[in-house]
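Chemist: Take this structure, written in structure tokens, and hold onto it; I'll ask about it next.
No value in this document is a laboratory result; all are computed from the given coordinates. The model shown is predicted, which means the values in this text are computed figures rather than measured ones. A quick note on method: Cβ atoms are made from the backbone with ideal geometry, for glycine too, and the neighbour counts reach across all protein chains shown.
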Amino acid sequence: MEVSTAIRNRRSVRNFKSDSVRKEDLRKILNAGRWAPSSGNTQPLELVVVKDPKVKKRLASAALGQSFVAEAPISIVVCANVPRTKRRYGERGSQLYVIQDTAAAAQNIHLMAYALGYATCWVGAFDEEKVADVIEAPEEVRPLVIIPMGKPAKIPREPPRRDLEDIVHENIF
Ligand SMILES: Cc1cc2nc3c(=O)[nH]c(=O)nc-3n(C[C@H](O)[C@H](O)[C@H](O)COP(=O)(O)O)c2cc1C
């Protein structure tokens, strides 16, 4: 699939079939995250693949009751190992770069999953402490995105985007 097709047609899906994610596909999807750029190649990325129904249920509850997190066959918790980046870049590394690094990885994961026929949703609304507790993250690891993933049961209509002319500024704002 062309990258442009995946970028244009990917949707946030919140209804999943029970079909599982094939092992070899999951590996490709996780590798897509691994190959995202990171600040100074510090690679703060840590990925937790959640399949256990009990853990998924606790994750959904930590995600403010967004039940589709538990209904998807798997959820990937995209985390940042903060000291890896903070050591090199100090506060800017720990406050900004780790967020950007994990966001880049998360987007690669969404696009690769889509290209392989899976649906995902970016879930950012969650209680970070509770999610960290559910996945038993070490203290220095921040969970930043949850990505439920599976075959889509219902694909929503595309939400509109602002016009290009409204968001692009030439030379100065
Ligand atoms: C940082 C961030 C946090 C988000 N958090 C949630 C969330 O907690 N729950 C949810 O259902 N969707 C969440 N979304 C998905 C957005 O609602 C969705 O991307 C947006 O409505 C555009 O739809 P599209 O992804 O289909 O283009 C989040 C997206 C981003 C980028």
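Chemist: Whether any residue in the stretch 87-96 is within 20 Å of Trp35 (Cα to Cα) and within 18 Å of the chain's Cα centre (by Cα) is what I want to check.
Modeler: Yes - at least one qualifying residue is present in the stretch 87-96.
Chemist: Among the residues of the stretch 9-28, is there at least one that is farther than 16 Å from Lys151 by Cα, surrounded by 15 or more Cβ atoms within 10 Å (Cβ to Cβ) and within 16 Å of the ligand (Cβ to nearest atom)?
Modeler: no
Chemist: Ok, one more. In the stretch 34-80, how many residues are assigned to a loop (DSSP other than H, G, I, E, B) and closer than 17 Å to Val98 by Cβ?
Modeler: From the stretch 34-80, those assigned to a loop (DSSP other than H, G, I, E, B) are 35-38, 42-44, 51-52, 63-67, 72-73; that's our starting set.
Still in the list and also closer than 17 Å to Val98 by Cβ: 36-38, 42-44.
Here the count works out to 6.
Chemist: Another question about this same structure. Could you please give the count of residues in the stretch 128-165 that are of a type in the set (Gly, Ala, Ser), more than 16 Å from the ligand (Cβ to nearest atom) and touching a residue at least 24 places away in the same chain (Cβ under 8 Å)? Walk me through it before giving the result.
Modeler: Start the filter on the stretch 128-165 by keeping residues that are of a type in the set (Gly, Ala, Ser), which leaves 132, 137, 150, 153.
Then keep just the ones that are more than 16 Å from the ligand (Cβ to nearest atom); that gives 132, 137.
Restricting the remaining residues to those that are touching a residue at least 24 places away in the same chain (Cβ under 8 Å) gives 137.
Summing the residues that are of a type in the set (Gly, Ala, Ser), more than 16 Å from the ligand (Cβ to nearest atom) and touching a residue at least 24 places away in the same chain (Cβ under 8 Å) in the stretch 128-165 gives 1.
Chemist: Please verify whether Asn81 is touching a Pro at 6+ places or on another chain (Cβ under 9 Å) and more than 16 Å from the ligand (Cβ to nearest atom), treating the condition exactly as stated. It would help to see each step written out before you state the result.
Modeler: On the way: touching a Pro at 6+ places or on another chain (Cβ under 9 Å): yes; more than 16 Å from the ligand (Cβ to nearest atom): yes.
Judged against the criteria, Asn81 is a match.
Chemist: Kindly establish whether Glu46 is closer than 19 Å to Arg142 by Cβ and of a type in the set (Asp, Glu). Working first, answer last.
Modeler: Values: closer than 19 Å to Arg142 by Cβ: yes; of a type in the set (Asp, Glu): yes.
Against the criterion (closer than 19 Å to Arg142 by Cβ and of a type in the set (Asp, Glu)), Glu46 qualifies.
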